[in-house]
Amino acid sequence: MMRRFQHYIDGAFEDGPAGFESLDPATGEAWAIMPEAREAEVDRAVRAAHRAFRAPDWAGLTASARAKLLHRLADLVERDASELAALETRDTGKIIRETRAQIAYVAEYYRYYAGLADKIEGAHLPIDKPDMEVWLRREPVGVVAAIVPWNSQLFLSAVKLGPALAAGCTVVLKASEEGPAPLLHFARLVHEAGFPAGVVNVLTGFGARCGAVLTSHPKVAHVAFTGGPDTARMVVRNSAENLARTSLELGGKSPFIVFADADLDSAANAQVSAIFAAAGQSCVAGSRLLVERSVKDAFLERLMAKARAVRIGAPDDPETEMGPLCTARQRDRIEEVIAASSAQGARLVTGGERVGEAGFYTTPAILDCSEAPEAPCVTTELFGPVLSVLAFDDEADALRLANGTDYGLAAGLFTTNLTRAHRMTRGLEAGVVWINTYRAVSPIAPFGGHGLSGHGREGGLAAALDYTTIKTVWLRTSDDPIPDPFVMR
Ligand code: NDP
């Protein structure tokens with residue numbers, strides 16, 4: 001029996017004009033029918049969000065009332081965490097260990113932004129005119145188009161919906177066509193939480209017929225996009241037509257830097273997490289290991305032993321450490337890049353092999369790229385469990401290699417030398433620097449990149465302010481007649 005999912009538009013659940021099959025990456029078999037949103041559905045969703053933005057049952061709510069709705073949503077996410085985790089694991093192949101932990105934490109994002117809703121304050125200005133009062137109102141920007149890729153859809157939408165709703169915006173959320181099941185289920189929680197119709201709309205569909213229509217819609221005020229740089233360019237071109245704002249969370253080719261003075265065992269564990277957790281399908285994957293030459297062999301030995309011991313298996317088995325890749329296309333691309341890099345002189349020291357007949361599995365791969373520093377595995381984001389290794393001689397060399405990419409999302413730094421950690425942090429071109437740790441996130445801490453990794457920040461107060469605009473209000477306090485009308489006041 002195939003399971004069927006529905007869109008959520010203007011407070012109602014509906015089938016799309018067409019449906020498409022979603023594959024279980026662990027078996028390669030279809031397991032569910034997803035509704036496909038096209039131009040008409042996207043247009044209805046945006047118009048519903050636009051109406052809701054102005055309607056008194058949303059626009060008239062106090063910030064504290066919006067906070068209550070967000071708290072209720074967090075409670076429901078917690079209540080349904082097991083089901084949401086199971087759906088995400090089934091539809092994307094992400095291991096159940098990770099989806100369970102991540103979804104429990106997703107609730108914290110909604111709680112954080114619930115807490116922030118009534119702290120988005122305006123200001124009063126000490127204006128330089130004695131007969132004037134001037135104050136600033138922080139107002140929601142309007143309809144937000146939120147677009148997420150298939151990995152961590154619940155998490156990546158929470159970092160958009162939380163601040164946007166706290167600020168008073170309304171949202172049309174597009175789930176990726178790959179693995180949309182958890183978000184389509186999440187829509188039921190939005191409904192149950194009691195958000196007025198049209199405040200949150202959730203749909204899925206293909207990039208050109210759905211995503212492009214959404215991002216170019218004239219009623220969209222802000223596009224919050226997570227995905228790859230090529231799609232981001234299309235998104236920016238489309239939204240430019242209406243001069244909509246954009247925030248872009250894109251990919252990375254993040255360096256993971258290990259100095260000889262580091263705790264190598266701890267660094268090796270963090271490196272395994274950085275590149276093999278989520279089968280490397282993570283924007284912050286630490287996919288370029290830069291290791292000080294004197295400890296390169298010792299560190300690689302540790303890593304190879306750990307990579308070979310990674311338990312690959314069914315994503316719904318709690319013992320599994322690495323599941324399949326999300327799509328066959330993704331696995332094929334990884335194989336192609338490994339082959340092309342090997343042809344250019346990179347040495348595959350372990351992994352990169354298919355596992356089993358069914359599903360999209362591959363083993364954790366490590367390539368020593370000392371002889372091929374420009375190989376595609378070093379320069380391109382692969383979104384898979386593939387680690388490229390380069391050696392460096394000193395801090396300057398490490399920085400040169402670390403910054404030798406157009407991306408700038410994250411960087412990991414392992415050293416016990418405090419002053420060096422500060423020097424390196426200053427020089428690293430990345431939106432997030434993790435020192436002696438990796439892959440740590442929190443709703444309290446802003447996250448984002450620069451360069452090809454995008455712009456804008458998710459998390460923290462800055463994200464909520466990003467969904468607001470300032471209204472400057474002037475009040476004349478004098479009862480005297482307005483003087484000379486031909487002179488600016
Ligand atoms: P894509 O850029 O291919 O897709 C992202 C989203 O954009 C999907 O929902 C996709 O829909 C949609 N889309 C596709 N075409 C258009 C269009 N013309 N207009 C509007 N939307 C469109 O990314 P992937 O799904 O391949 O995800 C991987 C990428 O996401 C990697 O680069 C990764 O680094 C990045 N990422 C960044 C994160 C961050 O926070 N910085 C976090 C996670 C991932 P559909 O799937 O239906 O085609």
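The values are calculated or read from the model by the stated rules, or taken from the named source; none is laboratory data. Bear in mind the structure is a predicted one, so any value in this text is a computation, not a measurement. Quick reminder, even Gly has a Cβ in these numbers, built from the backbone with ideal geometry, and neighbours come from all protein chains shown. These accessible areas exclude ligands, DNA and RNA; they are computed on the full protein's heavy atoms, side chains included. Shrake-Rupley method; radii C 1.70, N 1.55, O 1.52, S 1.80 Å.
Okay, here's what the table says:
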quantity	calculated
Only Lys, Arg (+1) and Asp, Glu (-1) charged, at Cβ; segment 255-435 dipole about Cα centre in debye	140 debye
Of all DSSP beta bridges in the chain, antiparallel share, percent nearest 5	40 percent
Protection-proxy order for peptides 56-67, 337-348, 373-384, each taking the mean of Cβ atoms within 10 Å per residue, highest first	373-384, 337-348, 56-67
Radius of gyration, Dmax [segment 1-65; alpha carbons; angstrom]	16.5, 49
Point-charge dipole on Cβ atoms (K/R +1, D/E -1) for segment 208-311, about Cα centre, debye to 20	440 debye
For the chain, accessible area per residue (1.4 Å probe, heavy atoms of protein chains only), Å²	41 Å²
Helix 96-117 vs. the chain, principal-axis angle (Cα, 0 to 90°, nearest 10)	30 degrees
Span from the segment 434-450 Cα centroid across to the segment 282-324 one, whole angstrom	20 Å
Estimated D of the chain in µm² per second, where Rh is the Kirkwood radius over Cα pairs and Stokes-Einstein applies at 10 °C, 1.306 mPa s	67 µm²/s
Ellipsoid equivalent to segment 255-435 - semi-axes via the Cα gyration tensor, in Å	27, 17, 15
Carbon + sulfur, % of accessible area of the chain - ligands and nucleic acids excluded, 1.4 Å	53 percent
Charge-dipole axis of segment 234-292 as Lys and Arg at +1 and Asp and Glu at -1 on Cβ define it, positive-most pick from Val236, Ala277, Ser266	Val236
Cα-based equivalent ellipsoid of segment 92-134: semi-axis lengths in Å, sorted from largest, via gyration tensor	47, 9, 5
Over segment 63-169: Kirkwood hydrodynamic radius from C-alpha pairwise inverse distances, Å	15.6 Å
Given charges at beta-carbon only (K, R positive; D, E negative), |dipole| of the chain in Debye	740 debye
For segment 123-202, alpha-carbon Rg relative to the globular expectation (2.2 N^0.38 Å, N residues)	1.53
Principal-axis tilt of helix 181-193 within the chain, Cα atoms, nearest 10 degrees	30 degrees
Calculated [θ] (222 nm, deg cm²/dmol) that DSSP helices of n ≥ 4 give over the chain, each run adding -39,500 (n - 2.57)	-12000 deg cm²/dmol
Fully extended contour minus Cα-Cα distance, from Glu78 to Val473, at 0.36 nm per residue	138.1 nm
If the convex hull is drawn through the Cα atoms of segment 1-137, its volume per residue in Å³	174 Å³
